Amino acid sequence: MNLILLQALILGVVEGLTEFLPVSSTGHLIVAGDAIGFTGERAKTFEIFIQLGSILGVVWFYRAKVTDLVTGLHRKPEQRFALNLFIAFLPAAIIGLALHKYIKAYLFGPLTVGAALIVGGFLILVIERWHQHRGARVHSMAEMTPGDAFKVGIAQTFSLFPGTSRSGATIMGGLLTGLSRTTATEFSFFLAMPTMFAATLYDLLKNINLLRVEDVPHFAVGFVAAFLVALVVVKLFLGYVARHNFAPFAWYRIGFGALVLLYFW
């Protein structure tokens, strides 16, 4: 295997491992890319592309529910769930479009990512403690109201700050809203589908001039690696949150964020 295919495989695995955990895939890809010498504008386009692999991993994992949702939109439960997803999707979509250039230009760097990892870790510890004290009000996605969905959507907007973690923001937003850990995690996965598809395709279209035919092999390797690893991670993560809290991820974020700051300082 030549060097660029090995780099693609490593980054695909990193993407699949971290995209749906509350640890920030952005931070991990920045460190991993720098460590293996895979940087620059084309590397950023590659990282955007392999996100599609992770998203499709979740779609495949929930393929039965996704099929039921798409084919059952004439039924009220599916209509209510689709409405909740749309409501939760809108805040980040609107704010993201408005601030996309500013975020890419001024906030997308290792030091801001490292700081966000640390701050987010401490916030997870605080929210976990609050949630343990208050308990859950909503125990399934079918019980969610449009108001619950909107609050999760507002929480998702914080993930526009690089290093915050989209899954971390939405899951913690779900806990603050009163969702159980499993419900917050599952809704985060479903909300990732429209959100990440839209964001990824938007970025790819803006950077399509950087894509070349010779990029196909390593893009394919990264894509498949991200898909397969994400598929496994989603299943294991759901099993984990059914029995444990998110404190270990918080401490991991704090430690990793400190390492990011040291590494790039």
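Table: residues versus (1) aromatic (Phe, Trp, Tyr); (2) touching a residue at least 60 places away in the same chain (Cβ under 8 Å).
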| position | (1), (2) |
| --- | --- |
| LEU210 | no, yes |
| VAL213 | no, no |
| PRO217 | no, yes |
| ALA226 | no, yes |
| VAL229 | no, yes |
| ALA242 | no, yes |
| ALA247 | no, yes |
| PHE256 | yes, yes |
| VAL260 | no, yes |
Open item on the list: Here are the criteria: (1) part of a helix (DSSP H, G or I); (2) crowded, with 24+ Cβ neighbours inside 10 Å. Tell me which single one ALA220 does not satisfy.
Closed with: (2)
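Rundown of residues vs (1) in a helix (DSSP H, G or I); (2) surrounded by 13 or more Cβ atoms within 10 Å (Cβ to Cβ); (3) without any contact (Cβ under 8 Å) to a residue 24 or more places away in the chain, yes/no style:
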residue	(1), (2), (3)
ALA92	yes, yes, no
ILE95	yes, yes, no
ALA98	yes, no, yes
GLY114	yes, yes, no
LEU117	yes, yes, no
LEU125	yes, yes, no
ARG129	yes, no, yes
GLN132	yes, no, no
ASP148	yes, yes, no
Open item on the list: For a quick check of your reading: which helices (runs of 4 or more DSSP H) sit entirely within segment 13-90 and have at least 3 residues that are at pLDDT 95 or above, crowded, with 20+ Cβ neighbours inside 10 Å and over 13 Å from the mean Cα position of the chain (by Cα)?
Closed with: none
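Say whether the condition of being in contact with a Leu (Cβ under 9 Å, 6 or more places away or on another chain) and not in a helix (DSSP H, G or I) is met by at least one residue in segment 194-215.
Looking for residues that are in contact with a Leu (Cβ under 9 Å, 6 or more places away or on another chain) and not in a helix (DSSP H, G or I), one finds at least one in segment 194-215, hence yes.
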Open item on the list: Restricting to segment 178-224, give me the number of residues that are modelled with pLDDT under 90 and polar (S, T, N, Q).
Closed with: 3
Open item on the list: So in segment 165-193, with the set limited to residues that are surrounded by 24 or more Cβ atoms within 10 Å (Cβ to Cβ) and not in a helix (DSSP H, G or I), which one is nearest to the chain's Cα centre (by Cα)?
Closed with: SER165
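The values are calculated or read from the model by the stated rules, or taken from the named source; none is laboratory data. Predicted, not measured: the structure shown is a model, and the values here were computed from it. No Cβ is skipped: glycine too gets one built from the backbone with ideal geometry, and neighbour counts run over all protein chains shown.
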